[in-house]
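The next block holds one structure in the form of structure tokens; read it before the comments.
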Amino acid sequence: MEKILNRFLRYVSVDTQSNEESETQPSTAKEWNLLKMLRDELQALGVEVTLDEFGYVMATLPSNLDKDVPTVGFIAHVDTAPDASGADVKPQIIENYDGGAIDLKGVPGLQLKPEEFPEMLHFVGQTLITTDGTTLLGADDKAGVAEIMTAVQYLVEHPEVKHGKICIGFTPDEEIGRGVVKFDVPRFGADYAYTMDGGEIGELEFENFNAASAKLHIQGRNVHPGNAKGKMKNAILIGQELNTLLPKDQRPECTEGYEGFFHLISFKGSVEEADFAYIIRDHDRDKFEAKKVLIQQVTDSINVKYGEGTATLVLKDQYYNMREQVEPHYFIIEKAIKAMEMAGIKPKIQPIRGGTDGANLSFKGLPCPNIFAGGLNFHGKMEYVPLQSMEKATEVILNLVSLFAE
């Protein structure tokens, strides 16, 4: 068996950052590098596998039972978030973590501190894998990829372990909300599935945000500032004004639990024109729809004040709360709880303050809750993952395989 640490380090060395501005699938050519690597590794294990034109790796382990049982799938995404570079990742391996600050040696003076990230103290004595401070790590979701691949290798090398048909899926572009747009659920072949894409050990999620993107274009009017009175429309300032009309207490830094938000994620512009991009999130569908109405009303008010066509809003739904699709099949949650307890893990059922491929898959007819992959502080240079959490996630996968075989 290859050690999961070696496997994980190999995967994070491949830059797979996705790109929301691209119209291709996968959104970046470099995602193919890891997708092809995974296909080849599965082939080398003797597993039946395909890689299609949309970047979906699908593999199947046939049942070794003499009875029919539900087919279970495990899914992870290969891309990393556009929020921070995923190129030339230099992981640091901190063995027997002592509970203190960790120097991120790629940036002098930068530290990963338990005073700022108290969850670090949950892992004293364990092996932590961190960034060097110059990139993200990529545990979201290469930890999930490594866990699934390690479980597959174990099952191949231990045919005495009884299991039904198992489906494996690796997807591109989850981080930009397009991970399973063209995913063929019938071809995948699973009755139920789990994404290995959660955070800290023990997390189990079957509720996620309803999600939309909002792109605002502000058309200003630039004239010489010496003659600007009554004539200039500064697109930057108008955009800022629009932003202040949205509720200040409904920003990510002010919300938690089931509370939704408007999140300004990018801005670029000049006096003449400016573009603002938001993501809109809420677990409650009615509140989600109300947020979309509000940002349209705010846009309309700007046009009333500064003239029609000053602000143009494009709203696009991205995914919905999977709870309504998963809850009728609650036994798959119960199996996940039992699989964790068998591994000595206390399950923590909580809503996802984000989304996963599992949300869209659930609405495509494949109920697909989300299980921890073990990483923390995703999407940035403070990301880290405890090695023992990845090992436990692999154990949970194997426990689920056994439970579905009963």
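For a paramagnetic label modelled at 7 Å from the Cα of residue 327 toward its Cβ, which residues of the stretch 194-238 fall within the zone defined by backbone nitrogen distances under 13 Å?
Answer for this model: 206-208.
Sort the following peptides by mean Cβ neighbour count (other Cβ atoms within 10 Å, averaged over residues), highest first: 25-36, 150-161, 321-332, 389-400.
389-400, 25-36, 321-332, 150-161
If I model a spin label at residue 316 and residue 293 as a point 7 Å from the Cα along the Cα→Cβ vector, what separation in nanometres do I get?
2.5
Work out the charge dipole of the chain with +1 on the Cβ of Lys and Arg and -1 on the Cβ of Asp and Glu about the Cα centre, then indicate which of 269, 252, 102 is farthest towards its positive end.
Final value for the positive-end residue is 269.
Could you give me the ³J(HN,Hα) list for the stretch 76-89, computed from phi with Karplus coefficients 6.51, -1.76, 1.60 and θ = phi - 60°, whole Hz, x at Gly and Pro?
Those phi angles translate into 8, 10, 8, 7, 10, 6, x, 4, 8, 4, x, 9, 6, 5 Hz.
Pull up all non-local amide H partners of residue 136: gap of 5 or more, or a different chain, and H-to-H distance under 5 Å with H placed in the peptide plane.
Excluding prolines and chain starts, which carry no amide H, the hits are 85.
Relative to the longest principal Cα axis of the chain, at what angle does helix 235-244 sit, 0 to 90 degrees, rounded to 10?
60
Packing-wise, with mean Cβ within 10 Å as the measure, how do 135-146, 163-174 rank, highest first?
Highest-to-lowest ranking by the protection proxy: 135-146, 163-174.
Tell me, rounded to the nearest percent, the portion of alpha carbon pairs in the stretch 269-333 spaced more than 14 Å apart.
Taking all Cα-Cα pairs of the stretch 269-333, the fraction more than 14 Å apart is 69 percent.
Where does each of 46-52, 186-192 land if you order them by average Cβ count within 10 Å, highest first? Write down the numbers at each step before the final one.
Values: 46-52: 14.6, 186-192: 17.1.
Packing proxy ranking, top to bottom: 186-192, 46-52.
Just the number, please: carbon plus sulfur as a percent of the accessible area of the stretch 350-406, 1.4 Å probe, no ligands or DNA/RNA counted.
Carbon and sulfur: 50 percent of the exposed surface of the stretch 350-406.
For a Förster distance of 51 Å, can you work out the FRET efficiency between the beta-carbons of residue 126 and residue 53, rounded to the nearest 0.05?
The value I calculate is 0.80.
Could you list which residues have their amide H under 5 Å from that of residue 405, counting only those 5 or more apart in sequence or on another chain, with H placed in the peptide plane?
Amide H neighbours of residue 405, under 5 Å, 5+ apart: 164.
What is the gain in length, in nm to one decimal, between residue 224 and residue 268 on full extension, counting 0.36 nm per residue of separation less the C-alpha to C-alpha distance?
Length difference between fully extended and current span is 13.7 nm.
In the stretch 188-283, what trypsin sites (Lys or Arg not before Pro) fall in a loop by DSSP, with at most 13 other Cβ atoms inside 10 Å?
Details: sites: 215, 221, 229, 231, 233, 248, 268, 281; in loops: 229, 231, 248.
Sparse-neighbourhood loop trypsin sites (Lys or Arg not before Pro): 229, 231, 248.
Can you tell me the FRET efficiency between residue 20 and residue 66 if r is taken as the Cβ-Cβ distance and R0 is 41 Å, rounded to the nearest 0.05? List each step's numbers first, then the result.
Values: r = 48 Å, r/R0 = 1.18.
Efficiency, rounded to the nearest 0.05: 0.30.
Residue by residue through the stretch 5-19, which ³J(HN,Hα) values in whole Hz follow from phi under the Karplus form 6.51 cos²θ - 1.76 cosθ + 1.60 (θ = phi - 60°), with glycine and proline marked x?
4, 4, 4, 4, 4, 5, 5, 6, 6, 9, 6, 10, 4, 8, 9
Rounded to the nearest 0.05, what FRET efficiency do residue 187 and residue 334 have when you use their Cβ-Cβ distance and R0 = 25 Å?
Working: r = 28 Å, r/R0 = 1.12.
Using R0 = 25 Å, I get an efficiency of 0.35.
How large is the translational diffusion coefficient of the chain in µm² per second when you combine the Kirkwood radius over alpha carbon pairs with Stokes-Einstein at 20 °C and 1.002 mPa s?
My calculation gives 95 µm²/s for D.
Probe of 1.4 angstrom, ligands and nucleic acids ignored: what's the accessible area per residue over the stretch 72-227, in square angstrom?
35
Calculate one ³J(HN,Hα) per residue across the stretch 281-297 by plugging θ = phi - 60° into the Karplus curve 6.51 cos²θ - 1.76 cosθ + 1.60, and present them in order as whole Hz with x for glycine and proline.
9, 6, 6, 7, 5, 5, 5, 4, 5, 5, 5, 5, 4, 4, 5, 5, 5
The values are calculated or read from the model by the stated rules, or taken from the named source; none is laboratory data. As the structure is a computational prediction, the values presented were derived from the model and not from experiment. Don't worry about glycine lacking a Cβ; one is built from the backbone with ideal geometry, like all the others, and counts go over all protein chains shown. These area figures cover heavy atoms from the full protein model, side chains too; ligands, DNA and RNA do not enter into them. Shrake-Rupley method; radii C 1.70, N 1.55, O 1.52, S 1.80 Å.
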